[in-house]
Amino acid sequence: IKENILRQLRDIGARVTVVPATTPAKDALALGAHGFFLSNGPGDPAACTYAVASTKELIASGKPVFGICLGHQILGLALGARTLKLPFGHHGGNHPVLEKTTGKVEITSQNYGFVVDVATLPSGVHVTHENLFDHSVEGLAVDGRPIFSVQYHPEASPGPHDASYLFARFRDFLKRTT
């Protein structure tokens, strides 16, 4: 996890406990957390079977879940979707992403080689953000549940900061479920 993610979480008033990616869900749930953040990381999300299994249990807890980058891909897999390897990946700043609810275009920072396959999204999961270069999935949400994710890096520092509102959304979900 990047230090600026921890900073952003602290800035919204969260008390943060970091656990290794291999932590079983029962151990994470035993900490009494009000919500769960799935961080970025390298590699093929399909190889992270331990994280997908734990994420399924975290989803079942009913507590808020927010994922970014690899965490977004793992959440997609845990919800029943598949992932695809991009031919070249998305890397660098200044990638335009459409936030579908508002129609706002965010300028984002990206660094990944896999995406969630939109054709495999289960019922009740919808696309919240779309990459304007190739129309790939950049964000997901579960209908009626405090579960969402984005593919890009909303914590990017020194910028862009167009997507910092996502941390406030997570805070609001945490407040509603405690």
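The values are calculated or read from the model by the stated rules, or taken from the named source; none is laboratory data. Model, not experiment: these values are computed from the prediction. Note that each Cβ is placed from the backbone with ideal geometry, even for glycine, and that neighbours are counted across all protein chains shown. Surface accessibility is based on the protein's heavy atoms, side chains included, excluding ligands, DNA and RNA. Shrake-Rupley method; radii C 1.70, N 1.55, O 1.52, S 1.80 Å.
Which residue fluctuates the most in the chain, going by a Gaussian network model with Cα springs under 10 Å, if the choices are ASP27, ASP117, ASP44?
ASP27
Sorted by accessible area (1.4 Å probe), largest first, how do HIS34, HIS129 line up? Don't jump to the answer; show the numbers that get you there.
Values: HIS34 110, HIS129 0 Å².
Highest to lowest solvent-accessible surface, that is HIS34, HIS129.
When the accessible area of the chain is split by element with a 1.4 Å probe, what percent falls to carbon and sulfur? Mind dumping the intermediate values first?
Details: 4720 of 8540 Å².
With neighbouring chains kept in place, the figure for the chain is 55 percent.
Ignoring ligands and nucleic acids, what accessible area does ARG145 show with a 1.4 Å probe (Å², nearest 10)?
Estimated to the nearest 10 Å², ARG145 gives 90 Å².
Determine ³J(HN,Hα), in whole Hz, for all residues of segment 25-39 in sequence, where each value follows from phi through the Karplus function 6.51 cos²θ - 1.76 cosθ + 1.60 and θ = phi - 60°; x replaces Gly and Pro.
Going residue by residue, I get 4, 4, 6, 5, 5, 5, 6, x, 5, 7, x, 9, 10, 9, 7 Hz, with x marking Gly and Pro.
Quick one: of the DSSP bridges fully inside the chain, what percent are antiparallel, nearest 5? Can you show the working numbers first?
On the way: 22 of 29 bridges.
Looking only at bridges with both residues in the chain, the antiparallel portion is about 75 percent.
Charges only on Cβ, +1 for Lys and Arg, -1 for Asp and Glu: so what's the dipole of the chain about the Cα centre, in debye to the nearest 20?
Values: 16 positive and 15 negative charges, 115 e Å.
For the chain, the charge dipole is close to 560 debye.
Rounded if a/c is under 1.5, else prolate if a/b beats b/c, else oblate: with a ≥ b ≥ c from the C-alpha gyration tensor eigenvalues square-rooted, which is segment 1-81?
Working: a/c = 1.74, a/b = 1.24, b/c = 1.41.
Oblate shape, in that a/c is at least 1.5 and b/c is the bigger or equal ratio.
Before rounding to the nearest 500, sum -39500 (n - 2.57) across all DSSP H runs of length at least 4 in the chain and divide by the residue total; then give [θ] at 222 nm in deg cm²/dmol.
Working: 5 runs with 49 residues, N = 178.
After summing the helix terms and dividing by the residues of the chain, the value is -8000 deg cm²/dmol.
If you count only protein heavy atoms and use a 1.4 Å probe, how large is the accessible surface of LEU6, to the nearest 10 Å²?
20 Å²
With every protein chain left in place, what is the accessible area of GLU130 in Å² (1.4 Å probe, nearest 10)?
Only protein atoms counted, so the area is about 40 Å².
Please arrange VAL137, VAL105 by accessible surface area, largest first, computed with a 1.4 Å probe and ligands excluded.
Correct descending sequence by accessible area is VAL105, VAL137.
Semi-axes, largest first, in whole Å: what does sqrt of 5 times each Cα gyration tensor eigenvalue give for segment 68-177? Kindly include the intermediate steps, with their values, before the conclusion.
On the way: eigenvalues 76, 68, 29 Å².
Over the Cα atoms of segment 68-177, the semi-axes work out to 19, 18, 12 Å.
Measuring from centroid to centroid over Cα atoms, what is the spacing of segment 101-159 and segment 1-53 in Å?
Between the Cα centres of segment 101-159 and segment 1-53 lies a distance of 18 Å.
Can you give the accessible area per residue of the chain, in Å², using a 1.4 Å probe?
Numbers: 8540 Å² over 178 residues.
So the chain comes to 48 Å² accessible per residue, rounded to a whole number.
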